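Notes follow the structure.
The values are calculated or read from the model by the stated rules, or taken from the named source; none is laboratory data. No experiment lies behind these values; they were computed from the predicted model shown. With ideal geometry, Cβ positions are generated from the backbone for all residues, glycine too; neighbour counts draw on all protein chains shown.
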Amino acid sequence: MEPTPRYGHTKAAVLSRNSLDMPKLFTRTDVTTTRQTLRLYREAIQGHERRFVIPAILLPIANLMFIVITPLLLSLILQSLIMNPHDFSVIWWLIGGMVVAAIITIACNDRGYRILFAFEEAMTSRLMIRATEHLLMRGHQFFANHKVGSLSGDIYSFGRSYMMISDAIALQGLNIVINFVASLIVIAFLAPILLAPLTILTAAIILMSYRSLMVRAPIRNERKRITSQLNGTIADIIGNNLLVRTFARSAYENATVHTERAKIGDLAVQEVAIIQREANWRWVVLFVFQILTIILGVWLFSLGAIGIAALIFVITYLGRVTGSLFNITGIIRTIEQAFLDAAPITRIMSSPIEITDTKDAKELSVSRGKIEYRDLSFHYSENEKESVFSHMNLTIPAGQRLGLAGHSGGGKTTFTQLLLRFADVQKGKILIDGQDISQVTQESLHRTISYVPQDPFLFHRSLRENIAYGKPEASDEEILEAARKAHAMEFIEKLPGGLDTIVGERGVKLSGGQRQRIAIARAILKDAPILILDEATSALDSESEKLIQASLASLMKGRTSIVIAHRLSTIAKLDRIIVLDNGKITEDGTHAELLKKNGTYARLWSHQSGGFIEE
């Protein structure tokens, strides 16, 4: 019978039935990815090889004692009873040997499993941490092109994949190989004449198992692809549950999930049908060979060509070892499935990171906070004609408060993302206090900048942890002071848990305005020399915005600040305002100066209602 997989998260599914006519177990891409996965495993296991080698020795020894040595001793005991029924001297020695074999089995199993399982858990953690670290180094554009739900599931699968392979090899594969070889050696000594038919039987079972695996491979690969896609879709639906409900699209999204799941189910049915058909044939072959081998063994025994011990051991071999050979299909399938599960993260970790520190990158040292954009050109696509910025030059003196205005799509957010080095420019450079940001470490760059986005990022943690995220060592007094300056204490004090209130995933338990105030409090507490506010007050009502403007003015004092706002009242009092239009600086001056120019800024200002641009 096909063994039940230890892991229930097998993924794979639908090819057309025609695609099964010429099955391929591995494509060239699969082989390359598998090699890359093995390299990642090897890197993670370096320095810890002993923790795998020890159970890889102990567990097969235990299995050898149980599957080969014990049946052999039992066969010899029965032979002794038949041949010399009144002489128990040899029998007692053989029984003693069985006791020793049992003790060795128990001891090796106990020690081997303890070491192996502890090592597998450590390796799983190590691989998941490495994958997470790698993803955190990826560029902003990478996450724009990948579903977060799929990535989180892929990281888990990547970590567990090593455990699947380790179990398949250490707990099953090595045991089968060692038991098979040892059993054939014993049979070669006891009854050489039976070696040929047993070898043929074993080879037939292995070949049939391999054929079954090859036929199922395309189905399983497609099921994996659809399952991964479905996981991302489900995460997307759940993450946008409010949108789904408000647009009354629950039925549509449920139907989408049902359709994809039905494809997976159809493929599973196809695969099970193939498994059962192949298993039936293997059982027929095994049964016929068993009967023929037993008949041959009995006949040889009747002729005196083999002893009773050989006959008993051969029968035991047919029942245990050849039966375990059926597990070869399961083992290969488990290993292949593990590599399939690891493949998405392996491909990501094997691809070049978009933004990297140079080998001689230095720590950014900010004494004043002067920012310069020198002859900067940037485009997202490979087509230079689609440039966001082209030969842009801009100097922001230290401590200046700069406002960015303009229509949507003018390049305001990209302007700040380049300063954060979420993407590298194609030409030119960005300097902070004369230091090229591409030549300093990204971590030191990000430490010097406080960033408050339009849609604040909050963790599913307490308010205290979210506010102190940029300064984990902050005292409660500092956290409370930052919350007060951001006018967040007004609602925090009303919460049952106060600062210890869990905000929910992405801060779902808070309103948009409350999330923005927490983000502002976080920036206040971080106390970085450069501040970026990207529509940081867009979700605040007019009254709340007035309350917080004083705090923002205090926060920006003495810091180089860049403020993006559609609500121009937010930037009207800043030292300087520039208007970006299609990546070009079309206007530059104070609020009063830009109104006098009667250009884009003046038109935007005149179109405002309550400080918000009507576009």
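Residues in the range 206-226: is at least one closer than 30 Å to LYS509 by Cβ, at pLDDT 80 or above and outside any loop (DSSP other than H, G, I, E, B)?
no
Give the range 496-516 a look and list any residue that's over 32 Å from the mean Cα position of the chain (by Cα) and touching a residue at least 24 places away in the same chain (Cβ under 8 Å), or say none. Before the answer, list the steps.
Filtering the range 496-516 for residues over 32 Å from the mean Cα position of the chain (by Cα) gives 496-498, 513.
Those that are over 32 Å from the mean Cα position of the chain (by Cα) and touching a residue at least 24 places away in the same chain (Cβ under 8 Å): GLY497, GLY498, GLY513.
Tell me whether the range 410-420 contains one or more residues that are crowded, with 16+ Cβ neighbours inside 10 Å, part of a strand (DSSP E or B) and modelled with pLDDT of 90 or more.
No, the conditions are met nowhere in the range 410-420.
Pull up the range 283-301, narrow it to residues that are among the β-branched types (Val, Ile, Thr) and over 12 Å from LEU194 (Cα atoms), then point me to the one that is modelled with the lowest pLDDT.
Among residues in the range 283-301 that are among the β-branched types (Val, Ile, Thr) and over 12 Å from LEU194 (Cα atoms), the one modelled with the lowest pLDDT is VAL285.
Restricted to the range 125-156, and to residues that are closer than 15 Å to ILE355 by Cβ and of a type in the set (A, V, I, L, M, F, W, C), which residue is nearest to the chain's Cα centre (by Cα)? Give the derivation first.
Residues of the range 125-156 closer than 15 Å to ILE355 by Cβ: 133-145.
Now narrow it down to the ones that are of a type in the set (A, V, I, L, M, F, W, C): 135-137, 142-144.
Details: LEU135: 9, LEU136: 11, MET137: 14, PHE142: 14, PHE143: 13, ALA144: 16 Å.
Among those residues, the one meeting the criterion is LEU135.
Going by the conditions given, is LEU404 buried (at least 20 other Cβ atoms within 10 Å of the Cβ) and in a strand (DSSP E or B)?
Spelling it out, LEU404 is indeed buried (at least 20 other Cβ atoms within 10 Å of the Cβ) and in a strand (DSSP E or B).
Out of curiosity, is THR124 surrounded by fewer than 19 Cβ atoms within 10 Å (Cβ to Cβ), in a helix (DSSP H, G or I) and among the hydroxyl-bearing types (Ser, Thr, Tyr)?
no
Any idea which of (1) surrounded by fewer than 19 Cβ atoms within 10 Å (Cβ to Cβ); (2) more than 30 Å from GLY304 (Cα to Cα); (3) touching a residue at least 24 places away in the same chain (Cβ under 8 Å) is the one VAL53 doesn't satisfy?
(3)
Just need a number here: residues in the range 447-493 that are part of a helix (DSSP H, G or I) and crowded, with 16+ Cβ neighbours inside 10 Å.
19
Name the residues in the range 232-262 that are of a type outside the set (Val, Ile, Thr), under 24 Å from the mean Cα position of the chain (by Cα) and farther than 22 Å from GLY504 by Cβ, would you? Step through it out loud before you land on a result.
Initially, the range 232-262 is screened for residues of a type outside the set (Val, Ile, Thr), giving 232, 235-236, 239-243, 245, 247-255, 258, 260-262.
Keeping just the survivors that are under 24 Å from the mean Cα position of the chain (by Cα) gives 232, 235-236, 239-241, 260-261.
Passing the criteria: GLU260, ARG261.
Among the residues of the range 57-74, is any free of Cβ contacts under 8 Å to residues at least 60 places away in the same chain, out of contact with any strand residue (DSSP E or B) (no Cβ under 6 Å at 6 or more places or on another chain) and not in a helix (DSSP H, G or I)?
no
Given the residues ASP433, ASP476, ASP424, which is the only one that is of a type in the set (Asp, Glu) and at positive phi?
ASP433
Each row is one residue, and each column tells you yes or no for (1) of a type outside the set (Ser, Thr, Tyr); (2) farther than 20 Å from LYS224 by Cα.
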{"residue": "GLU133", "(1), (2)": "yes, yes"}
{"residue": "MET137", "(1), (2)": "yes, yes"}
{"residue": "HIS140", "(1), (2)": "yes, yes"}
{"residue": "VAL148", "(1), (2)": "yes, no"}
{"residue": "SER152", "(1), (2)": "no, no"}
{"residue": "PHE158", "(1), (2)": "yes, no"}
{"residue": "ILE165", "(1), (2)": "yes, no"}
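Between a residue in the range 546-562 that is closer than 17 Å to ILE532 by Cβ and any residue that is at pLDDT below 80 and not in a helix (DSSP H, G or I), which pairs come within a Cβ distance under 7 Å, given they are 6 or more apart or on different chains?
Cβ pairs passing all conditions: ILE548/THR537; ILE548/LEU540.
Looking only at the range 541-561, decide whether some residue is at pLDDT 85 or above, out of contact with any strand residue (DSSP E or B) (no Cβ under 8 Å at 6 or more places or on another chain), charged (D, E, K, R) and crowded, with 17+ Cβ neighbours inside 10 Å.
Looking through the range 541-561, none of the residues is at pLDDT 85 or above, out of contact with any strand residue (DSSP E or B) (no Cβ under 8 Å at 6 or more places or on another chain), charged (D, E, K, R) and crowded, with 17+ Cβ neighbours inside 10 Å.
Sort out which residues of the range 383-439 are basic (Lys, Arg), closer than 19 Å to ILE585 by Cα and in contact (Cβ under 8 Å) with a residue 24 or more places away in the chain, and write them in order of number. Before you say what the answer is, go through the steps one by one.
Looking only at the range 383-439, we keep the residues that are basic (Lys, Arg), and these are 385, 401, 412, 421, 427, 429.
If we keep only those that are closer than 19 Å to ILE585 by Cα as well, we get 385, 401, 412, 427, 429.
Matches in the range 383-439: ARG401, LYS412, LYS427, LYS429.
For the range 154-175, which residues satisfy the criterion of being β-branched (Val, Ile, Thr) and at pLDDT 85 or above?
If the condition is that a residue be β-branched (Val, Ile, Thr) and at pLDDT 85 or above, then ILE155, ILE165 are the ones that fit.
Run down VAL298, VAL269 and say which single residue is of a type outside the set (D, E, K, R), touching a residue at least 12 places away in the same chain (Cβ under 8 Å) and surrounded by fewer than 14 Cβ atoms within 10 Å (Cβ to Cβ). If you could, list the steps in order and put the result at the bottom.
Values: VAL269 fails: touching a residue at least 12 places away in the same chain (Cβ under 8 Å).
That would be VAL298, the only listed residue that is of a type outside the set (D, E, K, R), touching a residue at least 12 places away in the same chain (Cβ under 8 Å) and surrounded by fewer than 14 Cβ atoms within 10 Å (Cβ to Cβ).
What pairs can you find where one residue is in the range 345-359 and within 14 Å of ILE155 (Cα to Cα), the other is of a type in the set (Phe, Trp, Tyr), and their Cβ atoms are less than 9 Å apart, with a gap of 6+ or different chains?
Qualifying pairs under 9 Å: ILE345/PHE158; THR346/PHE158; THR346/PHE339; ILE348/PHE142; MET349/PHE158.
Checking ASP110 against (1) of a type in the set (Asp, Glu); (2) modelled with pLDDT under 85; (3) part of a helix (DSSP H, G or I), only one condition comes out false. Which one?
With respect to (1) of a type in the set (Asp, Glu); (2) modelled with pLDDT under 85; (3) part of a helix (DSSP H, G or I), ASP110 is out only on (2).
Has the range 371-394 got at least one residue that is assigned to a loop (DSSP other than H, G, I, E, B), modelled with pLDDT of 90 or more and touching a strand residue (DSSP E or B) at 6+ places or on another chain (Cβ under 6 Å)?
no
Determine whether the range 236-259 contains at least one residue that is surrounded by 12 or more Cβ atoms within 10 Å (Cβ to Cβ) and closer than 30 Å to ILE77 by Cβ.
No, there is no match, as no residue in the range 236-259 is surrounded by 12 or more Cβ atoms within 10 Å (Cβ to Cβ) and closer than 30 Å to ILE77 by Cβ.
Hey, among VAL181, VAL100, VAL90, which residue is in a helix (DSSP H, G or I), at pLDDT 85 or above and either among the hydroxyl-bearing types (Ser, Thr, Tyr) or farther than 24 Å from GLN229 by Cβ (or both)?
Numbers: VAL181 fails: at pLDDT 85 or above; VAL90 fails: at pLDDT 85 or above.
It is VAL100.
Can you confirm whether the range 139-146 contains a residue that is assigned to a helix (DSSP H, G or I), modelled with pLDDT of 85 or more and not acidic (Asp, Glu)? Walk me through it before giving the result.
Within the range 139-146, the subset assigned to a helix (DSSP H, G or I) is 140-144.
Add one more test, that the residue is modelled with pLDDT of 85 or more, and what stays is none.
No, that holds for no residue.
Starting from the range 102-124, keep only residues that are without any contact (Cβ under 8 Å) to a residue 12 or more places away in the chain and among the hydrophobic types (A, V, I, L, M, F, W, C), then list their pairs with residues that are part of a helix (DSSP H, G or I) and surrounded by 14 or more Cβ atoms within 10 Å (Cβ to Cβ) whose Cβ atoms are within a distance under 6 Å, requiring at least 6 positions of separation or different chains.
Sorted first by the residue in the range 102-124, then by its partner, the list stays empty.
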